[in-house]
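Worksheet: the structure to be examined is printed underneath.
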Ligand SMILES: Cc1ncc(COP(=O)(O)O)c(C=O)c1O
């Protein structure tokens, strides 16, 4: 076995070192440009991101939560409305629903893909349901064919949460292009990450795109004239310029992620009680996270930690059991699949720049934990 060394959960330096010169020259350019908000760099990034996904419009905003919030807001979703969300998502998807004044209605995921189970959606639709928010969790697209059919049949909007799945496809079509208005995040650790906070809304509707542009900028099109009560939710020039540099490498980085996932897959087959991630045959996974499951999750995480290997839990508490949502009155047992995932999941290190030797070290230590060798 190779000599052990510290392997962090994520190492930005390995991602950024090879493009350091480009990032530094962008910084220099932005510094002397004398224009830091709503300028040419944001416009350029918006055009290239929309082109990359294959959608008509992309609107840069402050972060992923705001992107989801603005998406629901422009669709007119608010007080008294219900929005269907997966029971095992990151809290931001649910917060966006709450912030427009609507009520989140949870639907369990398919335990094989960890994505919202389309078979369970229709059972919770009421006369108050206005939208479905599929979350492409861990980088795997949801079954968008079935979700769009259900939405159409019931006259519902679809707002994709594409924060974890930049570049992934369902039957060859990129996520972030199916829904009426979709939100994504460029949080640094995302597959396409800024060097700070960032996000975008993507839509094929010119009308919705225009409304978002106005809402993100104080409800104003013309400086100091305000048409609606808006927000300050803009993506700044510097982050947009960094993102334009990084977008050029996204497909190459996705390939690296796929190779690492394939290595884990090969090395961890049949190890202990480990459940390895499954990819739906119609989905192209972009491996934002490589999530395994085991009944011995906490002990495995501790073992890895002692060996200098970072790992994280995505996520330890499902939204319905968060204190923030106590008022909804849910209890343990209400969403058993989400709870089971929360109790057993562990994300192994997977990042661009991680070498095969490092994947070997992590895999070997997982085997040592289960089999003692
Ligand atoms: C699934 C999901 N939705 C929404 C968000 C929110 O994005 P942000 O952190 O940019 O607000 C994140 C990431 O944090 C996420 O993973």
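Before we move on, is residue 169 away from the ligand (no atom under 15 Å from the Cβ), within 17 Å of the chain's Cα centre (by Cα) and surrounded by fewer than 21 Cβ atoms within 10 Å (Cβ to Cβ)? In short, yes.
Being in contact (Cβ under 8 Å) with a residue 60 or more places away in the chain and more than 16 Å from residue 164 (Cβ to Cβ) is the filter here, so list the residues in segment 261-272 that pass it.
Here is the first cut: in segment 261-272, the residues in contact (Cβ under 8 Å) with a residue 60 or more places away in the chain are 261, 263-264, 267-268, 271-272.
Scanning segment 261-272 gives 263, 264, 267, 268, 271, 272.
Under the condition of being within 12 Å of the ligand (Cβ to nearest atom), closer than 22 Å to residue 231 by Cβ and not in a loop (DSSP other than H, G, I, E, B), the residues counted in segment 86-118 number 8. Can you spot a residue in segment 178-193 that is closer than 25 Å to residue 281 by Cα, more than 10 Å from the ligand (Cβ to nearest atom) and under 11 Å from the mean Cα position of the chain (by Cα)? Yes - at least one qualifying residue is present in segment 178-193.
Here is a yes/no grid of residues against (1) without any contact (Cβ under 8 Å) to a residue 12 or more places away in the chain; (2) in contact with a helix residue (DSSP H, G or I) (Cβ under 6 Å, 6 or more places away or on another chain); (3) assigned to a helix (DSSP H, G or I):
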| site | (1), (2), (3) |
| --- | --- |
| 286 | no, yes, no |
| 291 | no, yes, no |
| 299 | no, no, yes |
| 302 | yes, no, yes |
| 314 | no, no, no |
| 320 | no, no, yes |
| 333 | yes, no, no |
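More than 16 Å from the ligand (Cβ to nearest atom) and in contact with a strand residue (DSSP E or B) (Cβ under 7 Å, 6 or more places away or on another chain): is that true of residue 133 in this structure? Spelling it out, it is not the case that residue 133 is more than 16 Å from the ligand (Cβ to nearest atom) and in contact with a strand residue (DSSP E or B) (Cβ under 7 Å, 6 or more places away or on another chain). Residues of segment 8-51 that are surrounded by 15 or more Cβ atoms within 10 Å (Cβ to Cβ) and touching a strand residue (DSSP E or B) at 6+ places or on another chain (Cβ under 8 Å): 9, 38, 42, 45, 46, 49, 50.
Read the figures in this text as sums done on the coordinates, not as results from a lab. For clarity, every value in this text was computed on a predicted model and none was experimentally measured. Cβ: placed from backbone, ideal geometry, glycine included. Neighbour counts: every protein chain shown.
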